[in-house]
Amino acid sequence: MPTTDTLILITREGMGHGNPELQKDLIKKYLRLVHENDTAPGAIGFYTEGVRLVCEGSPVLTELEMLERAGTHLIICPTCIKYYGLEDRVRVGIVGGMGTSSPPTRTWRRS
């Protein structure tokens with residue numbers, strides 16, 4: 001699956017504003033559709049509450065693993081992981097900044 005130069009930022013433990021279970025269901029469906037579109041984003045950045053989605057017990061681990069296998073860089077904010085005490089619970093992605101997982105000259109298109 002080809003990856004694009006798109007960067008998706010995830011800052012919440014779900015998608016939208018509403019019932020937390022609905023938010024989690026929506027992000028799960030969104031990530032699955034992104035994968036099924038056959039054009040994975042180049043990177044997904046997780047920060048603030050969004051870092052919870054890359055951790056043990058996340059409802060979207062399967063979808064994130066599929067995207068990672070397809071070549072998407074999953075980049076996790078180290079400050080946020082430490083803030084929430086989740087250092088030992090990360091299951092997918094790379095904890096670090098953009099320079100950690102991609103060439104510094106790469107230009108990302110935000111989505």
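Gain on full extension, evaluated as 0.36 nm per residue between residue 23 and residue 56 minus their Cα-Cα distance, stands at 10.1 nm.
If the chain linking residue 91 and residue 47 were pulled fully straight, counting 0.36 nm for each residue of separation and taking away their Cα-Cα distance, it would gain 14.3 nm.
Ordered by the number of other Cβ atoms lying within 10 Å of each residue's own Cβ, fewest first, 5, 38 fall into the sequence 38, 5. Over region 6-110, all Cα pairs binned in 10 Å intervals from 0 give whole-percent P(r) values of 16, 51, 31, 3, listed from short to long. Students often forget the sequence filter, so: which aspartates and glutamates lie under 15 Å Cα-Cα from residue 24 once same-chain residues fewer than 8 apart are removed? Qualifying aspartates and glutamates at Cα under 15 Å: 13, 49, 56, 63.
Charging the Cβ of each Asp and Glu at -1 and of each Lys and Arg at +1, and nothing else, the dipole of region 6-110 about its Cα centre rounds to 280 debye.
Look at the dipole of region 6-110 built from charges on Cβ: of 7, 84, 61, the Cα furthest out on the positive end belongs to 7. Only the Cβ atoms of Lys and Arg (+1) and of Asp and Glu (-1) were treated as charged; on that basis the dipole of region 28-88 about its Cα centre amounts to roughly 160 debye. Taking every alpha-carbon pair under 8 Å whose residues sit at least 6 apart, region 6-110 reaches a relative contact order of 29 percent.
Every number here is computed from the coordinates shown, using simple stated rules; none is lab data. No experiment lies behind these values; they were computed from the predicted model shown. Positions of Cβ are generated from backbone atoms using ideal geometry, with glycine treated the same way; all protein chains shown enter the neighbour counts.
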